[in-house]
1. Just one of the numbered conditions (1) touching a Phe, Trp or Tyr at 6+ places or on another chain (Cβ under 6 Å); (2) of a type in the set (A, V, I, L, M); (3) within 11 Å of the ligand (Cβ to nearest atom) is not true of L286; which one?
2. Residues of the range 119-157 being small (G, A, S) and surrounded by fewer than 16 Cβ atoms within 10 Å (Cβ to Cβ), which ones?
3. For the structure I just gave you, tell me whether G85 is exposed (fewer than 12 other Cβ atoms within 10 Å of the Cβ) and farther than 26 Å from L336 by Cα.
4. Test each condition in (1) part of a helix (DSSP H, G or I); (2) more than 14 Å from the ligand (Cβ to nearest atom) for A207 and report the one that comes out false.
5. Residue under question is A57, and the condition is that it be crowded, with 17+ Cβ neighbours inside 10 Å, of a type in the set (G, A, S) and within 24 Å of F252 (Cβ to Cβ); does it hold?
6. Scan the range 255-298 for residues that are assigned to a helix (DSSP H, G or I) and among the basic types (K, R) and jot them down.
7. Checking the condition in contact with a Ser or Thr (Cβ under 7 Å, 6 or more places away or on another chain) and under 24 Å from I345 (Cα atoms), which residue from E50, E91, E111 passes?
8. I'm trying to understand the selection: among the residues of the range 204-229, which are small (G, A, S) and under 15 Å from L286 (Cα atoms)?
Amino acid sequence: MVVSGIQDPQLRPIYEKVAAGQRLAPEDGCTLFASPDLLGVGRLAQMVKERLHGRKAFYIYNQHINYSNICVNGCKFCAFGRKAGDPGAYEMSLKDIFAKVEERLHEPITEIHIVGGCHPDLALDFYLDMLKGIKARRPDVHLQAFTAVEVAHLAKQANLTVADTLAALKEAGLGSLPGGGAEVFSARVRASLCPEKLSPEGWLEVAKTAHRQGLNTNATMLYGHMETVAERVEHLVRLREAQDETGGFLAFIPLAFHPANTGLSDLAGPSAIDDLKTLAISRLMLDNIPHIKAFWVMLGPKLSQISLCFGVDDVDGTVMEERITHMAGAQTPQGLSRTQLQGLIREAGCEPVERDTLYRVIAA
Ligand code: V47
């Protein structure tokens, strides 16, 4: 029997598991990546997405602030990071950061997303004052700030445990952690691309420690460089295992590698088919993470729209100013309006739902 919308016979046993709500094995993940049946893979992911969220697709009214690109890590895939004193290195003062917040006080922003490099000199107090100062200016905003890599770095600089560092950040106003810095957990890839960076075990430990303190986090995977599909699947399975332990991940965001101005500028980056398959397979493998997000800044608004038919239920938000992807050659706009986000969701046959960081619905 041919299952509607699925052509590849190799996908049949996976269809049976998805229909029965069973967990997929790592080999299933590799079978899905190997399948030429893009629409079949998408159909399977949509079965899961529709079961979880129906026709809903989420977006958020948010603001991104990238406070500094000075970073000790020197990752080969990154066009954003600079060593202190290098051309293009920048560091916003607290005054600059607060001015960015004040510029947009008239907008109904519910989340400020704050990410930077691992700065060699800034003390923990700088980060605490940043959170407190933003909260003083915008008490209702949710601060989704500092990747697990930054948190581990801050803890080391301050000679504190990760748990104590997170507790201090939470006390100062931190609401949750963004999902960046996970890259790909494969030791082979990291030895070549980011040997100085926090290890996968360290990244997962920061995330799980945050979850245990009641702080939700997101998770990401940087794909489309030198990793194999088996290494992508391994990354997803390790996240799934961590989520089984703590349940604190809210959303998973596959990040499409942008090669321009990086140490890998000879690579092409992922194709549109790879983008869609990776999003769909993430939906299928991560049966315990509620949301799969297409970050339109990296994928482009058009592909993000199509991804809503491939297992995605969230297109991120208004953003307005983003540096990490644009320094790596992204041609996407700096921001999208609420009306644009709603329009692209509606046209994909979904119901636009404005959410806050914790996926609570914002009344229209
Ligand atoms: O941590 C670095 C990645 C991340 C490149 O949690 C690159 O909701 C592509 O994590 N090409 C930052 N990616 C962005 C990020 C993020 C974005 C949107 C939403 C959320 C969320 C998280 O970007 C970095 C790194 O993993 N990155 N260089 C590059 N050349």
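Every number here is computed from the coordinates shown, using simple stated rules; none is lab data. None of these values were measured; they are calculated from a predicted model. Cβ sites come from the backbone with ideal geometry, for glycine too, and all protein chains shown count toward neighbours.
1. Checking L286 against (1) touching a Phe, Trp or Tyr at 6+ places or on another chain (Cβ under 6 Å); (2) of a type in the set (A, V, I, L, M); (3) within 11 Å of the ligand (Cβ to nearest atom), the one that fails is (3).
2. Kept after step one, since they are small (G, A, S), are these residues of the range 119-157: 123, 133, 136, 145, 148, 152, 155.
Result: A123, A136.
3. Details: exposed (fewer than 12 other Cβ atoms within 10 Å of the Cβ): yes; farther than 26 Å from L336 by Cα: yes.
Considered against the rule, which asks whether it is exposed (fewer than 12 other Cβ atoms within 10 Å of the Cβ) and farther than 26 Å from L336 by Cα, G85 comes out as yes.
4. Against the list (1) part of a helix (DSSP H, G or I); (2) more than 14 Å from the ligand (Cβ to nearest atom), A207 comes up short only on (2).
5. On the way: crowded, with 17+ Cβ neighbours inside 10 Å: yes; of a type in the set (G, A, S): yes; within 24 Å of F252 (Cβ to Cβ): yes.
The answer is yes for A57.
6. We begin by selecting, within the range 255-298, every residue assigned to a helix (DSSP H, G or I); these are 272-285, 296-298.
Once the filter is applied, which keeps residues that are assigned to a helix (DSSP H, G or I) and among the basic types (K, R), the range 255-298 yields K277, R283.
7. On the way: E50 fails: in contact with a Ser or Thr (Cβ under 7 Å, 6 or more places away or on another chain); E91 fails: under 24 Å from I345 (Cα atoms).
Of the residues listed, the single one that is in contact with a Ser or Thr (Cβ under 7 Å, 6 or more places away or on another chain) and under 24 Å from I345 (Cα atoms) is E111.
8. Of all residues in the range 204-229, those small (G, A, S) come to 207, 210, 214, 219, 224.
Matches in the range 204-229: A219 only.
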